[in-house]
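Structure first, then comments.
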Amino acid sequence: MNDLNVAVILGSIVAGAAPIVLASLGETISEKAGVINLSLDGSILLSAMVAFVTAFETKNLLLGFAGGAAAGAVIAGVVGLFSIYLGQSQVAVGFVLTLTARDLAYFFGNPYARQYGPQVIPWPIPGLHEIPLVGQAFFNHGWIVYASMLMIFLCWWYFYRTPQGLRLRMVGEHPEAAYARGTDSRAVQMTYTVIGGLLVGLAGAAFSLCVKPGWGRPQGAEGTGWIALAIVIFGGWHPVKVALGAYLFSFLQVMGIQFQRWWPSIPAQVFQVAPFPLMIFTLLLLSAAQRRSGADLDGAPSILARIVGVLGGAPPRALGKTFSPE
Amino acid sequence: MIGKGRKGWNRTLFEILVMLAGLFALNTIILLIAGAPPIEAFKYLFQGSLGSWIKIGQVLTGWIPLTLCACGLVFSFRVGLWNIGVEGQVLAGAVCATAVLRLGTDGGAPSLMLVMAFLGGVLGGSLWAVLAGVLKTKGGVNEIFGGLGLNFVAQGITLWLIFGPWKRPGIASMSGTEVFPKALWLPAIQGLRINPGGLALTVGVILLTGWMLRQTRLGLALKGIGSNPRAAYLHGLKPQRYFIVAMALAGACAGMAGAFQVTGVYHRLIPSISSNYGYLALLVVMLAGFRLGWSPAIAFFFVSLNVGSIQLPMMLQVDSSLSGIIQGTFVLAALLLYAWRRKRKGTEP
C-alpha cells in the first residue's frame, strides 16, 4: 500500500464522518437540554430526501441544505411538542417518528430515485491542501465537511464558554431548579430540541448532497441515526469526545470497505453491518468498565478504567424525564 | 367525577371518530401531495388486503408473527422495559429453527422435527432477549441500545450464515439458503396458504399471555414493578430478576415468530426473514396503549395495510411505504389522544 492510498483513505474517513459528526452533535445539543430525540435514524433519511429533492428542483444547493435542515427541525419539533408540552414518553414519540419519517422519505422520494442532481464540489484550501497526507485528508473537501469540523468547536464553546450554554446545561441537569430561578425550562428544552434537529437535518443533507450524492432506496444512510445516538453516550455528552466517536465510526466503516477489497470472498453485506456491532460493543465495554471503576475504591484504576475515565461522562440528570412546571 | 357510564362511552366513541376523520384527512393530503388519487389508493389498499380469500390468507400469514411479537412485547412493557431488540430476537429464533431443520428428516419424524424447530426458535429468541436483559441489569447498558446493538449483530450473523457456512451449494446469494424438503414445511391449507397450526398456536399464546398477566403472581409482580420499581423492591420483589423473566418471555414469543417465518412462510433462511415485524410490533403495542387488549386486532389491521400496499407501485406508481405512513400517523394520533385525555382528567375535579 503506497502513500497516496493512505491519504485517500484518511480523506474518505474525514468526509464520511461529516454527517455523523453533525447528527451526533445535534443529538448532543438536545440531550444536553434533557430531551432524547430518538427519531434520528428516520430524520436523517427524510432530510436527505428533502435536501436532494429541493436541490434537484431548484438547482440550488443552498436551498437544498436549508430544506434538509428544516425537515430535521420539524421532526424534532414534533418530538418536543409531544414530549415536552403534552407529556408523552420521549422514547415512544421518537420511535414512531423514526419509522414514519423513514417511510415518508421513501414515499415522497420515490420519483427521484437514481437521478443525477447537484452536489457539493470540493474546495481545496489554498496552500494547506498541498501538504502531503494531511492536505488530502483534511483540506480537500466540500464546504459542509469544513462546517462539520467548525461545528465541533462551536458546540464546545457554546456549552462551556457562554451564559446561554450554562443555562442550557442547567435545564438538562435540573429543570425544576432552573424554573425556580426564572428560566422557562420547557421553552429552553423546546428551543434546543429544534436546534439539534436542524443539525440532524444538515447531516441528512450532507449525505444526499455530498458524501453519498443522490437519492435511492436504500439510501446508504440507514442505521446512521442509531449509531449517532450511541456515539453521544460514547462521547459522554461532550462535543469534542462525541466528534471523536464519529470519526472512529467513520474509520470503522471505511476499513470495512478496505477489508472487503483485501478479502473479496467475504460478502459485502457482512462488512456493511460490521461497524455497528463493533460500535455498540465498545459502548457496552465502556459502560461495564465505568461501573467497575466506580466500585473499585482500593488501588490504582485499571487501564480500562483510565481509558473510560477519559472517554465517558455522566448523562444530564434530567435526560428523558418530562418536566412540568405545575 | 364521571364514571364509565353511557356518557363516558359516547365520549370515547366521539374521540375515536374524530381521530379517524383526522387521520383520513391527513393521509388524503399526503396522497394528493404525492400526486396519487386518494380514493383509488384507499380502494387498492382495501382490495389488495381483504378483497379475496387468498389475500386474507396472506394477511393471516403476516398476522401470526406480528401478533406473537406483540404478545411478547406486552410482557416487557408491563415491567417497564423498552425492548427494541425484538427484531434481533425474531432473527435469533429463525436462525435456531433453521439450525434444527438443517439436521433433516433422517433423525426422526418430520412433525417431531417441526416441533423441535419451534422449541429451538423459542430458545434462541429468549436467549437473545435475556442477553439484552443481562446487559441492562449487570452491565448498566440501557436496554434500548443493548437491544438495538444485538439487532445488528443478529443481522450480521444471519448474513454470514447465508453467505458462509449455510450457503446454497455453488452459489451464495441474498435469496437465502436452500429450500427445505416439503416434509419440513409447516402444514398449510392448499391454495390459501393458511397455516392452521400457526393460527392455533398464536391464539393459544394470546390467551396464555392474557391469563399470565391477569391471573398469576408473575403478572401481578410485573405490573407492580412496572408502575413503581422502588415500592415493589421495598415489598420484597426483586425487579432485576423480573426484568430478566419478562425479557425471556418476550424473546420466546419473538423467537416463535422467527421459527414460523422459517417453517411456515419462506421454508428457508433469508436475510430479511424478520420482515420488520419486530419494529412494527412496537407500533402495534403502542397503539394499543401498551396492553394486550386490542393488539391482535391492530396487528390484523396493520398487516392488511402492508399486504394491500404491495399493489400500489404497480397500480398508481407510488411507493408501498404508504402503509408505514398510515401506521405511523395512527400511533401519533393515539399518543395525542392519550395526552388529551390525561390533560382533561387533570382539570376535572
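The values are calculated or read from the model by the stated rules, or taken from the named source; none is laboratory data. All values reported here derive from a predicted model rather than from experimental measurement. Every residue, glycine as well, gets a Cβ built from its backbone with ideal geometry; the counts of neighbours run over all protein chains shown.
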Going through the range B:293-334 in order, the residues found to be within 14 Å of chain A (Cβ to nearest Cβ), small (G, A, S) and either closer than 26 Å to A:L81 by Cα or not in a helix (DSSP H, G or I) (or both) are B:S320, B:S321, B:S323, B:G324, B:G328, B:A333, B:A334
State which residue is farthest from the other protein chains (Cβ to nearest Cβ) when the search covers only the range B:281-292 and only residues that are at negative phi and part of a loop (DSSP other than H, G, I, E, B). B:L292
Among helices (runs of 4 or more DSSP H) lying entirely in the range A:139-206, which contain 1 or more residues that are at pLDDT below 95 and among the aromatic types (F, W, Y)? A:143-161, A:175-180
Top-ranked residue in the range A:114-129 [being surrounded by 15 or more Cβ atoms within 10 Å (Cβ to Cβ) and in contact (Cβ under 8 Å) with a residue 40 or more places away in the chain; ranked as nearest to the other protein chains (Cβ to nearest Cβ)]: A:G117
Only residues in the range A:132-153 that are under 20 Å from A:L63 (Cα atoms) count as the first member; pair them with residues that are hydroxyl-bearing (S, T, Y) and not in a helix (DSSP H, G or I), Cβ under 7 angstrom, at least 6 apart or cross-chain, and list the lot. none
Restricting the range B:141-167 to residues that are in contact with a Lys or Arg (Cβ under 9 Å, 6 or more places away or on another chain) and assigned to a loop (DSSP other than H, G, I, E, B), the residue that is farthest from the other protein chains (Cβ to nearest Cβ): B:W166
How many of the residues making up the range A:78-113 are in contact with a Leu (Cβ under 9 Å, 6 or more places away or on another chain), part of a helix (DSSP H, G or I) and within 9 Å of chain B (Cβ to nearest Cβ)? 20
Need the failing condition index for A:Q260 against (1) in a loop (DSSP other than H, G, I, E, B); (2) within 13 Å of chain B (Cβ to nearest Cβ), just the number. (1)
Among residues of the range A:167-184, those that are more than 19 Å from A:A73 (Cα to Cα) and either in contact (Cβ under 8 Å) with a residue 60 or more places away in the chain or among the charged types (D, E, K, R) (or both), counted: 11
Taking B:G278 as meeting all but one of (1) closer than 30 Å to B:G164 by Cα; (2) more than 10 Å from chain A (Cβ to nearest Cβ); (3) surrounded by fewer than 19 Cβ atoms within 10 Å (Cβ to Cβ), write down the number of the exception. (3)
Residues that are of a type in the set (F, W, Y): list the helices (runs of 4 or more DSSP H) wholly contained in the range B:24-110 that include at least 1 such residues. B:38-50, B:53-78
Inter-residue pairs, beta-carbon under 6 Å, first more than 10 Å from chain B (Cβ to nearest Cβ) and in the range A:227-239, second part of a helix (DSSP H, G or I) and aromatic (F, W, Y), 6+ apart: A:P239/A:W156
